[in-house]
Amino acid sequence: MVIVSMEFTKTDDEAVQLSPWFSLAPIAETTDGPIAVVGAGVAGSAIAGALIRRGRSVVLIDRDHTLSGAASGNPLAGVTPRLSARPSLYGRFQARAYLHAVEAYDRLTRDGHAVWRGARGAFLGARDAADEARMAAIAAAFEWPESDMVLLDAAAAATRTGVDVPWGGLWFDRGGSVAPAAVCRALGGGAARLTAAVAAIEELPGGGYRLVDGGGATVLEAAVVVIAGGPASGELLRDLAPPLIPNRGQLSLLPAGPLSAALKSAISFGAYLSPAVVRTAAGPRHMLGASYGRLDEAADDDWSTFRAEDHAEYLSALAVYAPDLSREFAEAAPVGRASLRATTPDQLPICGPVPDVPAYRRDYADIRHGRPVESHAPATYRRGLYVLGGLGSRGFQTGPLAAEVLADQMTGQPSALPASLLAAIHPGRFLIRALKRGRG
C-alpha cells in the first residue's frame, strides 16, 4: 500500500543517495553452515523467517528452550501505529512498519497461524481537547482509507470499543492484539534451534565468528551472525558503538467485571488496556500496562519483581481516562510480569551491518570539517556481522519490517525502504553523530 501524507511529500526519498558511512555492506556469503541468529524473540524470529524465505539456512540460538522469551514472552502485544502530523523519520518509519505488520500477520493467519487475539481493531484515545485536536491533524495529514484509520468522536468510539470514553481519537480497523508466542513460532518455526547463552562473539582468524558461552566454551562457529538478543545485545556489542538501553516494562493481568467485559477492542490512552482475551488458568484476563523505566533505577536482580507502585501508576492513568473501569479493577489482586526491552536514544531500531569502529574513526575523523560527502571512503564493516535490535516496546509492530529490510541487505535484494529511512536505522548513525560533534 502506498502511503500519501505530508510526511512523504517533503522530499523525493527515492532520489536520496546513501552517504558513504551508510553504504551497503557486501552480500552475506555463507560457506558450509547456517547463519547464526542470537536471540529468539520477535527480532530473531522475524529475521530467521525472512532469511529462510530467501533460501538461507538459519540456526536460532537462545538461552530459553522456547521461542519468545523475555519481552517477547508477554501474553499480548498491541499493534497500533504511533503517527505524527509533522514530518519526522520516526513517524514515517512507524507508518510503514504498522502497515507491513498487519499485512504480515494477516498473511500468517491465512496460512493457518492463530496470531490475533480478540476482535480486530484498536483505538488510540485522546486524553484532552488538545490531544483530540492533535489526532484530527494526524487524520488530515494521512490519506489512508477508513479501513486503516478513521477519526472518531467520543460517541462513535464508544460504539466501536464497547465502553464509554471521554474523548474521541483514532480508530485502526486492522490493528489489534497479537499473541507474541504464536507470532514468534509462526515467523521463526522453520529455523533450527540451539539452546545456549551466548556471552561473547569472537572473530576467527580465517573469517567468521565463534560464539562462546559464559564459561568460554564454543556454542557455534558461523560465517554470518545476526545479533538480535534484545537488551543482551548491548553486552555483545559493547565495543561496537550502537547504544542499546535496557528499559523495564511491567504489566498487570486483571479479571473482567460487568463493565470491562464489554470492552471489544484494545484502547490506548497513555497506558494500554486489552479486552479480556489473555488466557490463564484462572480464566480470561485483561492486560493493563505498561510501565517504562531505565534498568539502572533498580538493582539488576530486582528488575523482574512485580511492583505494586507500577501497577498503581497505570491504574491511576486509567482512573483519569475511564474512572468507572478503574474502580471496577481497584479491588482485584493484580498479577503480572516484568521484562526488559532494548531501546535507543532516538527510539528507532538498529538494523544493518555492524560497523568496524576503528575504521569509522579513522575514515571519518574529519567529518565535522565539512569535506564534500563524496570525498569520503565507503563504510567498513565487520564482515558477516549484523544487528537487529532497539525495537523497544513496539517490537511486534516494527520487527517484521526491520527483518525484511535486513534480510534484503544481507542477500543483495532491493530494499523496501528509501535511503533516508535506511540511514535513520543504520547501526553506525550514533557513531557518525558523535564524530560530527568531535566526540568520536
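Observations on the structure shown:
- Pick from the range 74-108, criterion open to solvent by 10 Å² or more (accessible area, probe 1.4 Å) and of a type in the set (S, T, Y), ranking: farthest from V183 (Cα to Cα): S88
- Pick from the range 221-238, criterion within 26 Å of S339 (Cβ to Cβ) and open to solvent by 40 Å² or more (accessible area, probe 1.4 Å), ranking: nearest to the chain's Cα centre (by Cα): A232
- Annotation note: Cβ proximity below 9 Å between a residue of the range 23-37 that is under 17 Å from G49 (Cα atoms) and free of Cβ contacts under 8 Å to residues at least 12 places away in the same chain and a residue that is buried (at least 17 other Cβ atoms within 10 Å of the Cβ) and among the polar types (S, T, N, Q) (sequence gap 6+ or interchain) occurs for no pair.
- Qualifying residue in the range 61-68 (condition: open to solvent by less than 10 Å² (accessible area, probe 1.4 Å), closer than 24 Å to H426 by Cα and either acidic (D, E) or part of a helix (DSSP H, G or I) (or both)): no
- Residue count, the range 128-149 (criterion: open to solvent by 20 Å² or more (accessible area, probe 1.4 Å) and among the hydrophobic types (A, V, I, L, M, F, W, C)): 8
- For the range 90-111, the criterion of being in a loop (DSSP other than H, G, I, E, B), touching an Asp or Glu at 6+ places or on another chain (Cβ under 9 Å), closer than 21 Å to Q397 by Cα and among the hydrophobic types (A, V, I, L, M, F, W, C) is met by none of the residues.
- Pair list, Cβ under 6 Å, 6 or more apart: the range 345-372 residue on the phi > 0 side of the Ramachandran plot, other residue part of a loop (DSSP other than H, G, I, E, B): G352/H426; G352/P427
- Some residue of the range 161-182 being open to solvent by 40 Å² or more (accessible area, probe 1.4 Å), out of contact with any His (no Cβ under 7 Å at 6 or more places or on another chain) and closer than 30 Å to D356 by Cβ: no
The values are calculated or read from the model by the stated rules, or taken from the named source; none is laboratory data. In this text the structure is predicted, and so the values were computed from the model without any measurement. Because the Cβ atoms are built from the backbone with ideal geometry, glycine has one as well, and the counts that use them run over all protein chains shown. Surface areas here come from the heavy atoms of the whole protein model, side chains and all, with no ligands, DNA or RNA. Shrake-Rupley method; radii C 1.70, N 1.55, O 1.52, S 1.80 Å.
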